[in-house]
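The values are calculated or read from the model by the stated rules, or taken from the named source; none is laboratory data. Everything quoted here is computed from the prediction, not taken from an experiment. For neighbour counting, all protein chains shown are included, and Cβ atoms are generated from backbone atoms with ideal geometry for every residue, glycine included. Note: areas computed on protein heavy atoms with side chains; ligands, DNA, RNA excluded. Shrake-Rupley method; radii C 1.70, N 1.55, O 1.52, S 1.80 Å.
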Amino acid sequence: MLMSNPWPAVVFRTVAGGAFLAVFGLATGVPWLVLLAGAALLVHQLVQVYRLERWLRTSRRRHPPRGRGLWGHVLDGLDRQQNRQRARRLRLVGLLRRFREGANAMPDGTIVLSAAGEMQWWNRLASRYLGLQWPLDRGQRIANLIRHPDFAAYLTARDWTAAVKIPSPQDPRRTLEIRIVPYGDHQQMLLARDVSELHRLETMRRDFVGNVSHELRTPLTVLQGMSEQLGEMESLDAEDLQRPLALMDQQIGRMTRLVDDLLLLSRLETERPVVDRAALDMPRLLDEAVEEARALSGGQHGISVTADESLSIEGDEDEIRSALSNLLSNAVKYTAAGGRIDVRWFVAEGAACLAVADTGRGIPAHHIPRLTERFYRVDAGRAARDGGTGLGLAIVKHVLSRHGARLEITSEMGVGSTFTALFPIASRVSPAPDATVS
């Protein structure tokens, strides 16, 4: 809003007043009235200056003191100017608040760096990923707080078109992808993204390719060797063929199981779960799976079943049978002769639970999170000797996931392991009789 110019009116009143006093003084013979009027005007100006200076120096009031005439225009102008400045500050504060809210909502850790690499501001994710403390670390050089060699090399190379992956200083299990983006007047923005899941999937993919190649190469090598051996024989007697044919049959069976498990796993991952599911006769499925496990054990293990016969779930019978078979076959393979395997089907905290406990040698704690990965083995040599495909627990995990269930694994070295499938939705098919034990 433009202000009107007060000076023409002020000059006119001053000149007119002075002229009137001069004429009046000359006419009455008292010219000192002009001096008196000038002194009074000077005192008035000093009073107004004093009020303004005192307000600027000591007053906490937002508005300046009121005045008349020229001073009224000056003080009103200061008030308007101050209101504009205040409105501008409020807008800037609002913009800054929205910027910080937006930065805190970003899925990446964000750090604003100066041209010298000093940290000026960062969001909450950056604090979580990199362990920064506000305002203690403000002004620190980023290179002094993140000392990983790969990050130091990234800063030295200054190739901001690339990114670097390092473990989080706060949690070595978390993998961060860090990228620096130049912007503004020689400023930089550091973006830290959590790529732990992508890194894990990439590791699993590499392991899968390597492992499946190894699994297929081993029986193929045996078959190739037997084929060459047979080709070099001058005479093919039934006795000479017995061992090579047995080995070839064994390896063909191993490859068949591997291909079948890969196909099953692919189907579980790609096909949608069946919508219309029937209640399953879990005691019958358990009895069938236990009989298969006893046949696999050959009488070397004690296998018992405790089942709540009234407890049931809805699901795909073939998929649940596959999961049961894999859990029990794993228990048999990794439990020494003379050990025990206990199978329980019961309710706990409203969930249907299937627990398979063995007295094997146990699993080291650092292996447990990766047991359901494809081809992941705690003891690769023993698993190969036992003829496993390395896909059993991966199949169990996917079957349970398709049924809204999850797998919990507990183990103690030298004591044994327990694999528990928890189905959150259970039903009763009849009044609960006493649990059966076989």
Relative packing of 91-98, 409-416, 371-378, which averages over residues the other C-beta atoms within 10 Å, highest first: 371-378, 409-416, 91-98
Peptides 121-130, 135-144 ordered by average Cβ neighbours within 10 Å, highest first: 121-130, 135-144
Accessible area of M255 in the full protein assembly, 1.4 Å probe (Å², nearest 10): 40 Å²
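Find the eigenvalues of the gyration tensor of the Cα atoms of segment 323-371, then list the square roots of 5 times those eigenvalues as equivalent ellipsoid semi-axes, largest first, in whole angstrom. Could you put the intermediate results ahead of the total?
Values: eigenvalues 84, 47, 21 Å².
Ellipsoid semi-axes (Å, largest first): 20, 15, 10.
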Segment 284-411: proportion of alpha-carbon pairs further apart than 19 angstrom, %: 49 percent
For segment 140-204, convex hull volume per residue from C-alpha positions, Å³: 97 Å³
Base-10 log of normalised Debye intensity for segment 59-115 (one unit scatterer per alpha-carbon) at q = 0.18, 0.31 Å⁻¹: -0.73, -1.13
Extension gain, V415 back to E349 (0.36 nm per residue minus Cα-Cα distance, nm): 21.2 nm
Förster radius 22 Å - calculated FRET efficiency between D76 and Y50, Cβ distance, rounded to 0.05: 0.75
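Would you kindly give the portion of the calculated P(r) for segment 249-322 that falls above 15 Å, as a percent of all Cα pairs?
The proportion of pairs with Cα distances above 15 Å equals 69 percent.
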Segment 298-316 residues near the modelled A337 label - backbone nitrogen below 17 Å, point 7 Å along Cα→Cβ: 298-303
Alpha-carbon Rg with Dmax, taken over segment 64-152, Å: 21.5, 72
Long-range amide H partners of R406 with built H, under 5 Å: L422
